[in-house]
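For reference, the structure discussed in these notes is given below.
The values are calculated or read from the model by the stated rules, or taken from the named source; none is laboratory data. Since we're looking at a predicted model, the values are computed, not measured. All Cβ positions, even for glycine, are placed from backbone atoms using ideal geometry, and neighbour counts span all protein chains on display. For the accessible areas, the whole protein counts, side chains as well, though only heavy atoms, and no ligand, DNA or RNA atoms are used. Shrake-Rupley method; radii C 1.70, N 1.55, O 1.52, S 1.80 Å.
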Amino acid sequence: MMGQNHGIIESSGGEIVIPGPSPFDVLPEDCISNIISFTSPRDACVAASVSKTFESAVNSDSVWNKFLPPDYSSLISQSRVFASKKELYFALCHNQVLIEDGKKSFWLEKASGKRCIMLSSKELWITWGSSPEYWQWISDPESRFEKVAELLDVCWFEIRGKTSTRVLSPGTRYSAYIVFKTKDGCRGLGHLPVEVGLGLVGQESSKRFIYFVGPRNRRRGRETRDVTKPEQREDGWMEAELGEFFNEERCDEIELSVIEIKSPSWKSGLIIQGIEFRPTKSP
């Protein structure tokens with residue numbers, strides 16, 4: 001264990017290692033807390049197992065205050081009381097907070113404290129989205145938003161969106177995902193490669209193809225493309241990755257598109273909750 005001395009005693013079953021005191025225990029607790037605050041939430045939780053002194057230092061509000069976003073007070077209900085900043089931190093990890101009049105959802109990635117957001121489908125520009133014969137807005141008990149968009153019948157499928165990167169953590173690589181459900185096989189759309197784009201405004205967007213369901217016939221020529229397949233989420237929804245980008249220090253805007261206008265088939269059976277941005281997982 002990091003920073004520990006060990007004693008060894010003999011027994012009939014062999015040697016037994018007995019943890020000794022950590023040499024760091026002689027440091028003032030606030031000094032240890034200050035050092036730990038420059039690491040990450042995951043590292044802090046590991047450090048808490050070093051010794052009782054480290055555990056106490058890790059639980060200090062000064063540590064978890066560094067892991068919280070500067071504007072955290074505006075993200076929580078004033079009527080809710082937390083016993084510590086650590087409790088508040090994990091509340092923001094496990095409970096998404098609706099912001100900007102309920103059009104975005106915000107939370108923290110537990111291991112790193114990086115900001116994550118989801119744009120609701122109300123924040124997206126959907127062709128014919130305001131025409132009830134083509135799209136309808138419904139409630140879904142598994143959605144974090146009041147309303148989600150359900151595709152009824154269109155031949156021109158086009159969704160675009162844009163958001164400021166300042167709501168995300170700077171110096172961080174992000175991945176974007178469309179979060180959705182399908183009905184009745186997502187007729188006319190589920191088995192088609194759908195073109196998606198993602199990039200900073202003013203720069204060339206990266207392009208790729210995704211499926212909402214998957215290829216109907218794996219021997220078709222289109223399957224030779226690098227088409228992203230959807231994945232099941234723990235919350236009951238599906239997701240498909242749109243791409244990645246690096247969020248630098250400056251305030252930029254990120255724009256995205258999800259388009260299928262080549263096929264003349266009428267399309268239906270897609271329910272869109274929104275677009276989610278979260279830190280890219282390390283390979």
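Some notes on this structure:
- Qualifying residue in segment 160-176 (condition: among the polar types (S, T, N, Q), part of a loop (DSSP other than H, G, I, E, B) and on the phi < 0 side of the Ramachandran plot): yes
- The residues listed here are Arg218, Arg208, Arg222; of these, the one that is assigned to a helix (DSSP H, G or I) and either modelled with pLDDT of 90 or more or open to solvent by 10 Å² or more (accessible area, probe 1.4 Å) (or both) is Arg222.
- For segment 248-283, taking the residues that are within 14 Å of the chain's Cα centre (by Cα) and closer than 20 Å to Pro170 by Cα, the one that is surrounded by the most Cβ atoms within 10 Å (Cβ to Cβ) is identified as Ile275.
- For segment 79-96, the condition of being part of a strand (DSSP E or B), touching a Ser or Thr at 6+ places or on another chain (Cβ under 6 Å) and within 25 Å of Leu242 (Cβ to Cβ) holds for none of the residues.
- Count of segment 7-64 residues which are modelled with pLDDT of 85 or more, open to solvent by 70 Å² or more (accessible area, probe 1.4 Å) and of a type in the set (Val, Ile, Thr): 2
- Within segment 56-85, tally of residues that are among the charged types (D, E, K, R) and either free of Cβ contacts under 8 Å to residues at least 24 places away in the same chain or within 15 Å of Lys114 (Cα to Cα) (or both): 3
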